[in-house]
Amino acid sequence: RGVEKGGRGRVSATALEHLLPIDPDNAPREGAAGPDHPMRRVTREAAFKGGWSKERAAKVGQLFDGLAVEWHTRGGPERDRVVADALTRGRVGEVACLEVGSGTGFGTSILSGHFEQVIALDIAPEMLRRAPPELAPRVLADASALPFADASVPAVALVNALLFPHEIARVLAPGGAVIWVNTSGTGTPIHLCAEDFLAALPGPWTGIASQIGRGTWCVARRAR
């Protein structure tokens, strides 16, 4: 598959392995986000055009602070199993993980059962305040400027979170994994298909991708 114009490159057929989907559900859903959703534009600009600023970061933080009170209603078993499927069929064996855009912790609960150590990071303080503190240490930060050293993070998970590809690549340890999850697939407001996700990352990468229910995921590693 090609990459939408505006991407940093093309993913070769050998770079991305698509596993068979499990119980795929592609039926149209009322209220699902489409290509014209405002966050879809923000997602693509952050991933491909560096379209980020202090002003935009503040607006996004305020937006998610306002959603924090009802954010727990967006979790559930269907979303949990997308994250779990990415970790198992994506062959993620690292011992520690940084979760970017952790929100109130529905993804953190699955990640903390898989990894020995998880750090939960979000731009919205109200989201972090409502996250269960026992799941993971919580860090308030803008994901476009991660407070971690170069090549220091074994794995990075992004569950419905904005992708800042150069910053993710900077902090990722050699051989590490980047886990990209859209729990509602193409209906997720913050969405990139697996091909575009890989194309946004700087340099050559390989990936494993699939779908379970409505959710889609891709696990990427730097090509050797």
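The values are calculated or read from the model by the stated rules, or taken from the named source; none is laboratory data. Fair warning: this is a prediction, and the values are worked out from it, not measured in the lab. Neighbour counts run over all protein chains shown; Cβ positions are idealised from the backbone, glycine included. What goes into the accessible areas is simple: the full protein's heavy atoms, side chains included, and nothing from ligands, DNA or RNA. Shrake-Rupley method; radii C 1.70, N 1.55, O 1.52, S 1.80 Å.
Taken over segment 186-207, the residue count meeting the criterion of being open to solvent by less than 20 Å² (accessible area, probe 1.4 Å) and either modelled with pLDDT under 95 or assigned to a loop (DSSP other than H, G, I, E, B) (or both) is 5.
In the set (1) open to solvent by 50 Å² or more (accessible area, probe 1.4 Å); (2) out of contact with any Pro (no Cβ under 6 Å at 6 or more places or on another chain); (3) in contact (Cβ under 8 Å) with a residue 24 or more places away in the chain, His166 fails one condition alone, (2).
Yes/no matrix, rows are residues, columns are (1) over 26 Å from Pro35 (Cβ atoms); (2) out of contact with any Gly (no Cβ under 7 Å at 6 or more places or on another chain):
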{"residue": "Val153", "(1), (2)": "yes, no"}
{"residue": "Gly176", "(1), (2)": "yes, yes"}
{"residue": "Ile179", "(1), (2)": "no, no"}
{"residue": "Thr186", "(1), (2)": "no, yes"}
{"residue": "His191", "(1), (2)": "no, yes"}
{"residue": "Ala194", "(1), (2)": "no, no"}
{"residue": "Trp205", "(1), (2)": "no, yes"}
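The set of residues in segment 208-217 that are closer than 21 Å to Leu172 by Cβ, among the aliphatic types (A, V, I, L, M) and buried (at least 21 other Cβ atoms within 10 Å of the Cβ) contains only Ala209. Selection of first residues in segment 9-27 that are over 17 Å from Thr186 (Cα atoms) and modelled with pLDDT of 55 or more and of second residues that are open to solvent by 80 Å² or more (accessible area, probe 1.4 Å) and not basic (Lys, Arg), restricted to Cβ pairs under 9 Å at least 6 apart or on distinct chains, gives the following pairs, ordered by first then second residue: Ala15/Pro204.
Val139 meets each of the listed conditions (1) within 18 Å of Arg79 (Cβ to Cβ); (2) among the aliphatic types (A, V, I, L, M); (3) surrounded by fewer than 20 Cβ atoms within 10 Å (Cβ to Cβ) apart from (1). In the set Glu126, Glu134, only one residue is in a loop (DSSP other than H, G, I, E, B) and either open to solvent by 10 Å² or more (accessible area, probe 1.4 Å) or farther than 26 Å from His166 by Cα (or both); that residue is Glu134. Scanning segment 46-91 for residues that are on the phi < 0 side of the Ramachandran plot, outside any helix (DSSP H, G or I) and at pLDDT below 80 returns Gly51, Gly75.
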